[in-house]
Amino acid sequence: PAYQNLRQKVDNFVSTHLDKQEWNPTMNKNQLRNGLRQSVIQSGMLEAGVDRIISQVVDPKLNHIFRPQIERAIHEFLAAQKKEESVPAPPPEPENKDPPAPSQDAS
């Protein structure tokens with residue numbers, strides 16, 4: 001419903017805006033389009049409409065769909081980090097100053 005309401009408001013706004021314009025074939029269509037776009041943005045209806053859409057669509061799903069998935073991902077991440085911290089690092093390898101002797105394989 002919020003999307004349909006926003007679409008109707010934008011359609012009405014655009015129609016009203018274009019009705020106020022005096023049309024002639026020499027008009028710069030890009031300039032007209034940009035002016036219309038700016039008017040829609042400045043009206044604030046898009047921002048308010050998108051907020052209503054989010055509150056109708058996203059908010060109801062937030063606690064029972066998104067939140068459990070986010071919590072599970074956080075728990076998995078923290079468990080993996082805890083596991084990395086509890087595994088001791090391997091001892092450092094001793095430094096050899098002399099390179100290993102070449103093997104004496106006879107082929």
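How many of the residues in the stretch 9-29 are surrounded by 11 or more Cβ atoms within 10 Å (Cβ to Cβ), out of contact with any Ser or Thr (no Cβ under 8 Å at 6 or more places or on another chain) and not in a loop (DSSP other than H, G, I, E, B)? Within the stretch 9-29, residues that are surrounded by 11 or more Cβ atoms within 10 Å (Cβ to Cβ), out of contact with any Ser or Thr (no Cβ under 8 Å at 6 or more places or on another chain) and not in a loop (DSSP other than H, G, I, E, B) number 5.
Among the residues making up the stretch 67-105, those that are open to solvent by less than 100 Å² (accessible area, probe 1.4 Å) and at pLDDT below 85 are Ser86, Val87, Ala89, Ala101, Ser103. Considering (1) assigned to a helix (DSSP H, G or I); (2) open to solvent by 90 Å² or more (accessible area, probe 1.4 Å), the lone condition that Leu32 does not fulfil carries the number (2).
Go through the stretch 46-61 and give me each residue that's surrounded by 11 or more Cβ atoms within 10 Å (Cβ to Cβ) and either more than 12 Å from Leu6 (Cβ to Cβ) or of a type outside the set (S, T, N, Q) (or both). Talk me through it step by step, then tell me what you get.
So in the stretch 46-61, the residues surrounded by 11 or more Cβ atoms within 10 Å (Cβ to Cβ) come out as 46, 48-58.
The answer is Leu46, Ala48, Gly49, Val50, Asp51, Arg52, Ile53, Ile54, Ser55, Val57, Val58.
Filtering the stretch 35-54 to residues that are of a type in the set (Val, Ile, Thr) and either assigned to a loop (DSSP other than H, G, I, E, B) or touching a Leu at 6+ places or on another chain (Cβ under 8 Å) (or both) leaves Val40, Val50, Ile53.
The values are calculated or read from the model by the stated rules, or taken from the named source; none is laboratory data. All figures in this text were calculated on a predicted structure; none of them were measured in a lab. Every residue, glycine among them, receives a Cβ derived from its backbone with ideal geometry; neighbour counts consider all protein chains shown. Just so you know, the surface numbers come from the protein's heavy atoms only, side chains and all, with ligands and any DNA or RNA stripped out. Shrake-Rupley method; radii C 1.70, N 1.55, O 1.52, S 1.80 Å.
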